[in-house]
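What follows is one structure encoded as structure tokens, with my remarks underneath.
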């Protein structure tokens, strides 16, 4: 049996903002996107993101039996100008120093605010699958990475984050970064 870790942060991220108003963006160096959203201009618009991190255990003993495992990050998106660049990155095995995924949502007052961010370091796109149907031109891409940082942004201004070095299987304790106090 596997126990998921970091699931509380992921669930918390989805509860902070109404899902109907969520928007996702992907930034990969040297790959152009078509987003025109303020703060995410020229990023790649994304529809969905999924990931799974699990820790194998000794059935019934509740003991750790190995390193945490990741399925990688899977992203679904509409085809756009970035599609050929993403395919090229797969066939060349291009490594990217940093990849950033941001999700924003609308607050009850209508303001657009960040609520979940993922930063990958030493990342590679391992696959791109194209799905074309009647009125749908979608792609699914999978990213693998050496290091990851998950951050949930609270509406009141605090960031809650943790990092994981996948190759060394080490992580930082979750930390909170409050907004700096403003001079009055």
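The values are calculated or read from the model by the stated rules, or taken from the named source; none is laboratory data. Worth saying up front: this structure is predicted, and the values here are computed from it rather than measured. All Cβ positions, glycine included, derive from the backbone under ideal geometry; neighbour counts span all protein chains shown.
Things worth noting here:
- For the range 132-151, the condition holds for at least one residue, the condition being that it is surrounded by 15 or more Cβ atoms within 10 Å (Cβ to Cβ), in contact (Cβ under 8 Å) with a residue 60 or more places away in the chain, touching a strand residue (DSSP E or B) at 6+ places or on another chain (Cβ under 9 Å) and not in a strand (DSSP E or B).
Conditions (1) farther than 26 Å from residue 154 by Cβ; (2) without any contact (Cβ under 8 Å) to a residue 24 or more places away in the chain, marked per residue:
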site: 92; (1), (2): yes, yes
site: 101; (1), (2): no, no
site: 110; (1), (2): no, yes
site: 129; (1), (2): yes, yes
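- Against the conditions (1) touching a strand residue (DSSP E or B) at 6+ places or on another chain (Cβ under 6 Å); (2) surrounded by 13 or more Cβ atoms within 10 Å (Cβ to Cβ); (3) within 19 Å of residue 32 (Cα to Cα), residue 129 satisfies every one except (2).
- Top-ranked residue in the range 4-37 [being in contact with a strand residue (DSSP E or B) (Cβ under 7 Å, 6 or more places away or on another chain), loosely packed, with under 13 Cβ neighbours inside 10 Å and outside any loop (DSSP other than H, G, I, E, B); ranked as modelled with the lowest pLDDT]: 4
- Breaking point among (1) surrounded by 12 or more Cβ atoms within 10 Å (Cβ to Cβ); (2) without any contact (Cβ under 8 Å) to a residue 24 or more places away in the chain; (3) part of a loop (DSSP other than H, G, I, E, B), for residue 40: (2)
- Any hit, the range 105-115, residues being within 13 Å of the chain's Cα centre (by Cα) and farther than 18 Å from residue 76 by Cα: yes
- Matching residues, the range 64-79, being touching a residue at least 12 places away in the same chain (Cβ under 8 Å) and either part of a strand (DSSP E or B) or in contact with a strand residue (DSSP E or B) (Cβ under 7 Å, 6 or more places away or on another chain) (or both): 68, 69, 70, 71, 72, 73, 74, 75, 76, 77, 78, 79
- Test: residue in the range 168-182 that is in contact (Cβ under 8 Å) with a residue 40 or more places away in the chain and within 16 Å of the chain's Cα centre (by Cα): no
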